[in-house]
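Student: The structure that follows is given in the form of structure tokens.
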Amino acid sequence: QVELVESGGSVVQAGGSLRLSCAASGRTFSSYVMAWFCQAPGKEREFVAAISRYESTYYGDSVKGRFTISRDNAKNTVYLQMNSLKPEDTAIYYCAARSSVFSRSPAQYDYWGQGTQVTVSS
């Protein structure tokens, strides 16, 4: 069982930056694929970024070059550095964990956090 707790969401102006954190419980954190998804009102949950146990990284097309995912296995924490934020990045951001290989599908993830709100004003 893995529990995930996100933090770092806030209101920020367009062009600004935020860093989201996701703290995980459990001794096997390093073996999980960790991912971030986002969901805006009325839209489906969308893949943002993921990092494998070997620290390979994957990004959604809309965030490539602006967001960076990283992990600190000693702290059981995954981060999402968000730069050059746009109003269309406004959403609830969720951290997720998967014990198998990388997937872009939210249905493939086993554990989810409660989400943190990111609002980008124009």
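Student: Touching a residue at least 24 places away in the same chain (Cβ under 8 Å) and either over 14 Å from Trp112 (Cβ atoms) or crowded, with 18+ Cβ neighbours inside 10 Å (or both): which single residue out of Ser25, Ser17 fits that description?
Tutor: Values: Ser25 fails: either over 14 Å from Trp112 (Cβ atoms) or crowded, with 18+ Cβ neighbours inside 10 Å (or both).
Only one candidate qualifies: Ser17.
Student: When the range 83-122 is examined, which residues are found to be open to solvent by less than 60 Å² (accessible area, probe 1.4 Å), aromatic (Phe, Trp, Tyr) and either assigned to a strand (DSSP E or B) or under 28 Å from Gly15 (Cβ atoms) (or both)?
Tutor: Across the range 83-122, the qualifying residues are Tyr93, Tyr94, Tyr111.
Student: Continuing with this model, one more query. Are any residues in the range 39-78 of a type outside the set (Val, Ile, Thr) and touching a Gly at 6+ places or on another chain (Cβ under 9 Å), and if so, which ones? Spell out how you get there, then give the answer.
Tutor: Keep residues of the range 39-78 that are of a type outside the set (Val, Ile, Thr), which gives 39-47, 49-50, 52-56, 58-62, 64-67, 70-76.
Once the filter is applied, which keeps residues that are of a type outside the set (Val, Ile, Thr) and touching a Gly at 6+ places or on another chain (Cβ under 9 Å), the range 39-78 yields Gln39, Glu46, Phe47, Ala49, Tyr59, Phe67, Asn76.
Student: Could you check how many residues of the range 63-80 are touching a strand residue (DSSP E or B) at 6+ places or on another chain (Cβ under 8 Å), exposed (fewer than 15 other Cβ atoms within 10 Å of the Cβ) and not basic (Lys, Arg)?
Tutor: At the first step, the residues of the range 63-80 found to be touching a strand residue (DSSP E or B) at 6+ places or on another chain (Cβ under 8 Å) are 63, 66-72, 75-80.
Applying the additional criterion that residues be exposed (fewer than 15 other Cβ atoms within 10 Å of the Cβ) yields 72, 75.
Then drop every residue that is not not basic (Lys, Arg), which leaves 72.
Total meeting the criteria: 1.
Student: I need a count of the residues in the range 30-76 that are without any contact (Cβ under 8 Å) to a residue 60 or more places away in the chain, farther than 20 Å from Ala14 by Cα and not in a strand (DSSP E or B).
Tutor: 13
The values are calculated or read from the model by the stated rules, or taken from the named source; none is laboratory data. Please read all numbers here as calculations on a predicted model, not as lab measurements. Backbone-built Cβ (ideal geometry, glycine too); neighbour counts: all protein chains shown. For the accessible areas, the whole protein counts, side chains as well, though only heavy atoms, and no ligand, DNA or RNA atoms are used. Shrake-Rupley method; radii C 1.70, N 1.55, O 1.52, S 1.80 Å.
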